[in-house]
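Report on the structure given below.
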Amino acid sequence: MAGILQRYKAVYGLPDDYPIVSLNEGNTPLIPCEHISAHIEKTTGVTGLKIFAKYDGANPTGSFKDRGMTYAVSQAKHDGASHIVCASTGNTSAAAAAYGARCGMQVLVLIPKGKVALGKLSQAMMYGATIVEIDGNFDEALAVVRKLGNTGKITVVNSINPYRILGQQSAAFEICDELKTSPDYHFIPVGNAGNITAYWAGYNRYQQLGTIKNLPKMMGYEAEGSAAIVRGEVIAEPETFATAIRIGNPASWQQAEAARDESDGTIDSVTDDEIGQAYTRLAATEGIFCEPASAASVAGLIKACQNKQVNNNSLITCTLTGNGLKDPDSAIRLSDEQGIAKKLSLPANEQAIMDAIGL
Ligand code: AN7
């Protein structure tokens with residue numbers, strides 16, 4: 001299927017000669033999660049939830065960032081840019097590098113040294129970006145990127161670029177198109193808070209167009225060690241094993257608070273342990289392998305049900321922002337630590353294997 005700019009050309013009001021740079025992003029699976037629903041019913045008493053995971057790890061570079069990047073890079077091309085730049089915890093850099101490569105632009109990425117998951121780093125390298133590993137965190141990298149943008153010689157493709165947020169609205173359009181209604185609650189991880197801002201704008205746009213009647217409550221979740229919005233203060237040294245959302249000064253802070261307040265939703269935090277439990281539960285019971293940060297949405301759903309913030313029989317969507325293959329180190333570590341993986345060392349002998357698995 002065509003990418004999001006082609007598919008939603010009318011909603012975006014794009015002219016026919018707009019130079020679309022696309023990898024046929026979007027159109028990602030909306031997967032029912034009956035096992036998570038049953039687990040919630042059993043452990044919290046909240047019953048009858050219809051839960052869907054919007055699995056944006058199925059995008060061409062493995063994360064939701066492709067939705068915004070197709071628009072930001074197309075617009076940069078439209079404007080005659082030769083160079084693009086971003087700061088990134090990994091996924092933005094992978095997407096910028098891919099879309100930049102596709103249209104022959106020079107791509108510069110600033111990443112926190114040692115804190116980018118292996119798959120993401122391999123992507124930026126393969127797509128041929130110039131990679132600057134800084135001795136600092138994402139927030140410090142973004143501060144430098146803003147200054148690089150101020151030179152006027154290089155286009156910033158972080159989510160402070162409004163085309164990124166516009167493109168990311170398409171995930172909300174797809175959800176409503178498929179469900180033929182809006183969800184009651186939308187759960188989403190929060191790092192820079194660009195995506196929660198985009199979904200809220202997307203749902204609002206669809207309501208203005210008359211495609212949906214009601215708006216969901218926006219339920220955003222930061223990692224506890226990086227929970228700037230929840231704590232109401234910049235966190236100088238954010239921490240979490242979910243490195244994608246290891247962000248202490250979210251760029252779209254105010255917009256995220258507005259989405260929360262206007263939708264009567266919440267922005268809360270989940271611990272690394274809660275994220276890790278949701279991460280392995282999604283894989284081992286639903287067959288959905290997302291990256292750790294993505295699981296903050298489902299960890300948030302479980303926490304909200306424990307807190308009785310969710311009504312019985314609600315229609316729920318959870319964004320799973322990135323693909324599990326992005327971060328093989330976390331996958332191997334947690335599946336092992338939690339006893340999800342059953343690794344046996346046995347001779348190449350069928351009887352020994354049958355004995356070991358009890359058949
Ligand atoms: C998998 O790539 O900020 O709240 O530089 O990769 O819109 O920032 C990534 C963010 C959630 C948070 N899940 O989204 C980057 C970057 C995954 C992510 C988020 C990110 P925002």
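The values are calculated or read from the model by the stated rules, or taken from the named source; none is laboratory data. Remember, predicted model here, so these are calculated numbers, not experimental data. A quick note on method: Cβ atoms are made from the backbone with ideal geometry, for glycine too, and the neighbour counts reach across all protein chains shown. Surface accessibility is based on the protein's heavy atoms, side chains included, excluding ligands, DNA and RNA. Shrake-Rupley method; radii C 1.70, N 1.55, O 1.52, S 1.80 Å.
Show me the strands (runs of 3 or more DSSP E) entirely contained within region 78-180 in which 1 or more residues are surrounded by 23 or more Cβ atoms within 10 Å (Cβ to Cβ).
83-87, 106-112
Selection of first residues in region 75-87 that are more than 19 Å from ALA143 (Cβ to Cβ) and of second residues that are of a type in the set (A, V, I, L, M) and not in a loop (DSSP other than H, G, I, E, B), restricted to Cβ pairs under 6 Å at least 6 apart or on distinct chains, gives the following pairs, ordered by first then second residue: ALA76/ILE84. The residue pairs whose first member lies in region 323-339 and is under 14 Å from LEU282 (Cβ atoms), whose second member is in a strand (DSSP E or B), and whose beta carbons are closer than 8 Å, counting only pairs six or more residues apart or on different chains, are ASN323/SER63; ASN323/CYS290; GLY324/CYS290. Within region 280-288, can one find any residue that is over 16 Å from PRO328 (Cβ atoms), among the hydrophobic types (A, V, I, L, M, F, W, C), surrounded by fewer than 24 Cβ atoms within 10 Å (Cβ to Cβ) and away from the ligand (no atom under 16 Å from the Cβ)? Looking for residues that are over 16 Å from PRO328 (Cβ atoms), among the hydrophobic types (A, V, I, L, M, F, W, C), surrounded by fewer than 24 Cβ atoms within 10 Å (Cβ to Cβ) and away from the ligand (no atom under 16 Å from the Cβ), one finds at least one in region 280-288, hence yes. Could you check region 65-95 and list, in sequence order, the residues that are within 22 Å of ALA193 (Cα to Cα), more than 9 Å from the ligand (Cβ to nearest atom) and of a type in the set (Gly, Ala, Ser)? Answer for region 65-95, where residues must be within 22 Å of ALA193 (Cα to Cα), more than 9 Å from the ligand (Cβ to nearest atom) and of a type in the set (Gly, Ala, Ser): just ALA72. For region 187-206, a residue qualifies if it is over 13 Å from the mean Cα position of the chain (by Cα) and either over 30 Å from PRO238 (Cα atoms) or surrounded by 21 or more Cβ atoms within 10 Å (Cβ to Cβ) (or both), and the qualifying residues are TRP200, GLY202, TYR203, ASN204, ARG205, TYR206.
Of ALA96, ALA72, all but one fail to be closer than 25 Å to CYS290 by Cβ and touching a Cys at 6+ places or on another chain (Cβ under 7 Å); the exception is ALA96.
Close contacts from region 235-252, counting a first residue that is outside any loop (DSSP other than H, G, I, E, B) and a second that is within 12 Å of the ligand (Cβ to nearest atom) and open to solvent by 30 Å² or more (accessible area, probe 1.4 Å), with Cβ to Cβ under 7 Å and a gap of 6+ residues or different chains, come to THR243/LYS115. Here ILE316 meets each of (1) assigned to a helix (DSSP H, G or I); (2) in contact with a Leu (Cβ under 6 Å, 6 or more places away or on another chain) with one exception, condition (1). Scanning region 213-230 turns up one or more residues that are assigned to a strand (DSSP E or B), open to solvent by 10 Å² or more (accessible area, probe 1.4 Å) and either more than 10 Å from the ligand (Cβ to nearest atom) or of a type outside the set (Lys, Arg) (or both).
Quick grid of which residues meet (1) within 14 Å of the ligand (Cβ to nearest atom); (2) within 19 Å of the chain's Cα centre (by Cα):
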{"position": "ASP139", "(1), (2)": "yes, yes"}
{"position": "LEU142", "(1), (2)": "yes, yes"}
{"position": "LEU148", "(1), (2)": "no, no"}
{"position": "VAL156", "(1), (2)": "yes, no"}
{"position": "ILE160", "(1), (2)": "yes, yes"}
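Hey, does region 326-348 have a residue that's open to solvent by less than 10 Å² (accessible area, probe 1.4 Å), within 19 Å of the chain's Cα centre (by Cα) and either of a type in the set (Val, Ile, Thr) or over 20 Å from PHE138 (Cα atoms) (or both)? Among the residues of region 326-348, not one is open to solvent by less than 10 Å² (accessible area, probe 1.4 Å), within 19 Å of the chain's Cα centre (by Cα) and either of a type in the set (Val, Ile, Thr) or over 20 Å from PHE138 (Cα atoms) (or both), which makes the answer no.
Within region 249-262, restricting attention to residues that are away from the ligand (no atom under 11 Å from the Cβ) and surrounded by fewer than 21 Cβ atoms within 10 Å (Cβ to Cβ), the residue that is nearest to SER88 (Cα to Cα) is ASN249.
Remark: ASP355 matches the filter, which requires a residue to be over 24 Å from the mean Cα position of the chain (by Cα) and either modelled with pLDDT under 95 or of a type in the set (Asp, Glu) (or both).
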